[in-house]
Amino acid sequence: MQRLAKPEIILALDVDTLEKAQVLVGKLSSKIKSFKIGSQLFTASGPDAIKMVEKMGGRVFLDLKFHDIPKTVHSSIISGSSIGITVVASRATNVLKDMQQAVIPPVFMMTVHTKGGQAMLQEAARGAEEAAKKLNITKPLIVGVTRLTSDDNKDDTLEEVLKAARLAQDSGLDGVVCSALEAAKVREACGADFVIVTPGIRSSKDRLNDQKRTADVKQAIKAGSNFLVIGRPILEADDPIAKAEELLGDLNGAGN
Ligand code: C5P
């Protein structure tokens, strides 16, 4: 796999309507390029939410944490990869397709739950590869959710996250979702190209809400996170743009 670009912030669009999501993307898309669509917005608005983000120049992390029989997860990954992509059907256009560069799909990353086990994770990875080939798109990243960041930090947390990360890697996944508290050890165990996504990002000034294993932007980057998922600290701020700017300032200053 290619070396990952520098770390970035993903805004979690945890709102209940497409209209609210659109307002947020409109306000923030000049600063943030990647938006997470999870079960709340996807259940309310479906693929329209993804198409809206794409239309406004952003890309989507589709966080539906698939956990089902292998066949269903395989098919769901193909469905997610296909949103917003026009299938090229005729023979003549297939020849043309072979000559063209792969198209970047609106959904660049999706989640499955590592608790689904090896067969399910392998089918998820296979689904992404199949979709990429069939649709001539860049393969979406598939990352495995380990222990939720809303779970307490217990004695066995690190061990469990590392076990899940190794399983994800052995099954052909691109990376995992974990808290920043485990990220450095995951990086050590799984290498430089393994994708690490960290929710639970909170500064000392922020409310924790239901998150338990939290870290601030600088700590998450120091630990090796590639994608920092942030929702309520921005969504519930009096001034979401100013808050996003503050966090982006921390992100850009983190290497110094
Ligand atoms: O509002 P907050 O910053 O806590 O949002 C975190 C987002 O990341 C939520 O959308 C949540 O569903 C998601 N997430 C998480 N922990 C995981 C995986 C995803 O908090 N392990």
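Each value in this text was obtained by applying a stated rule to the coordinates, not by laboratory testing. Note that the structure is a prediction, hence the values are computed from the model and not measured. All Cβ positions, glycine included, derive from the backbone under ideal geometry; neighbour counts span all protein chains shown.
Packing-based ranking of 246-253, 152-159, 60-67 yields 60-67, 246-253, 152-159, ordered from highest to lowest mean Cβ neighbour count within 10 Å.
Can you give me the relative contact order of segment 8-253 as a percent, contacts being Cα pairs under 8 Å and 6 or more apart? Show your work: numbers first, answer last.
Details: 484 pairs, mean separation 42.1, N = 246.
This gives 17 percent for segment 8-253.
Each 10 Å bin from zero up to the one holding the largest Cα-Cα distance in segment 1-66 carries the following percent of pairs: 22, 54, 20, 4.
Between Gly46, Gly200, Gly175, the GNM of the chain built on Cα springs shorter than 10 angstrom shows Gly46 fluctuating the most. With a ≥ b ≥ c taken as the square roots of the eigenvalues of the C-alpha gyration tensor of segment 100-203, please select rounded if a/c is under 1.5 and otherwise prolate if a/b is larger than b/c or oblate if it is not? Verdict is prolate for segment 100-203.
Scattering from the chain was approximated by placing one identical point on each alpha carbon and applying the Debye formula without solvent; log10 I(q)/I(0) at 0.16, 0.17 1/Å stands at -1.23, -1.38. Rank Ile83, Ile50, Ile196 by mean-square fluctuation in a GNM of the chain with C-alpha springs under 10 angstrom and give only the top-ranked residue. Of Ile83, Ile50, Ile196, the most mobile in the Gaussian network model is Ile83. In the chain, helices alone account for a calculated mean residue ellipticity at 222 nm of -13500 deg cm²/dmol, with every DSSP H run of four or more residues adding -39,500 (n - 2.57). In plain terms, the residue of Leu41, Leu24 with the fewest other Cβ atoms within 10 Å comes first and the most crowded comes last, giving Leu24, Leu41. Of the complete DSSP H runs in the chain, none spans 30 angstrom or more by Cα along the long axis with a mean Kyte-Doolittle score not below 1.0. Taking the DSSP beta bridges with both ends in the chain, the antiparallel portion is around 0 percent.
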